[in-house]
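Engineer: So that we are looking at the same thing, I have put the structure below in structure tokens.
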């Protein structure tokens, strides 16, 4: 497979693609992460990912495949983004404590005008977490760049998650096996 362009600065997405042995280079561009009202959460994640992919695609003069992703956390009907500060992170994790939520990653893969777009959903349930556990996690791991204020592969995931229904790697930020299949489909025209 020829190297693709990953339109993401996420160290987790980089790591997951490396584990899958997908050759890539990283090119990013700042994009607006707002979305039109009325979109379903799955559509929101795809909308933001598409904006990232198109912005990078417009900046490069090449026919390389561009892939972008965006991960959101949804509790009930509320989309939870990245926390803006410590108190926000603690508040988000208190809301997730003892509850089930959905982690949705939207993926957009583009090659010229050809596009594959999909979202992947994983249901995660936390045990009840104490304020002390949450504050320990926030102060030590500083999850300010993570939707839902947590990373499943860190301490809070190891001790705080009761169940995961769906793709574990989706919660890390990329449903890798589905991405690899989509990349093969685009490259091979399947």
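None of the figures in this text is laboratory data; all of them are computed from the coordinates on show. Just so we're clear, the structure is a prediction, and the values are computed from it rather than from any experiment. All Cβ positions, glycine included, derive from the backbone under ideal geometry; neighbour counts span all protein chains shown.
Engineer: How big, in percent, is the set of alpha carbon pairs in the chain lying more than 28 Å apart?
Structural biologist: Value for the chain: 25 percent of Cα pairs lie more than 28 Å apart.
Engineer: For residue 60 and residue 39, what does the FRET efficiency come to when R0 = 25 Å and r is the distance between their Cβ atoms, rounded to the nearest 0.05?
Structural biologist: 0.35
Engineer: Just subtract the alpha-carbon distance of residue 25 and residue 9 from 0.36 nm times their residue separation and send over the number in nm, one decimal.
Structural biologist: Working it through step by step, the gained length comes to 4.7 nm.
Engineer: A further question follows. Arrange 186, 172 by Cβ neighbour counts within 10 Å, fewest through most, would you?
Structural biologist: Least to most surrounded, the residues fall as 186, 172.
Engineer: In degrees between 0 and 90, to the nearest 10, how far off the longest principal axis of the chain does helix 176-188 point, with axes built from Cα atoms?
Structural biologist: 10 degrees
Engineer: How would you rank 25, 125, going from fewest to most other Cβ atoms within 10 Å of each one's own Cβ?
Structural biologist: By the 10 Å Cβ count, ascending: 25, 125.
Engineer: Further question: Note the full-extension length gain between residue 32 and residue 159 as 0.36 nm times their separation in residues minus their Cα-Cα distance, in nm to one decimal.
Structural biologist: Stretched fully, the residue 32-residue 159 segment lengthens by 42.3 nm.
Engineer: For the residues 183, 174, what sequence is obtained by ranking on other C-beta atoms within 10 Å, fewest first?
Structural biologist: Fewest-to-most ranking of 183, 174: 183, 174.
Engineer: For the chain, what does the helix formula give at 222 nm: sum of -39500 (n - 2.57) over DSSP H segments with n ≥ 4, over the residue count, nearest 500 deg cm²/dmol?
Structural biologist: Taken over the chain, the calculation gives -11500 deg cm²/dmol.
Engineer: Another one. How much length, in nm to one decimal, is gained on full extension between residue 75 and residue 88, taken as 0.36 nm per residue of separation minus their Cα-Cα distance?
Structural biologist: Result: 3.2 nm gained on full extension.
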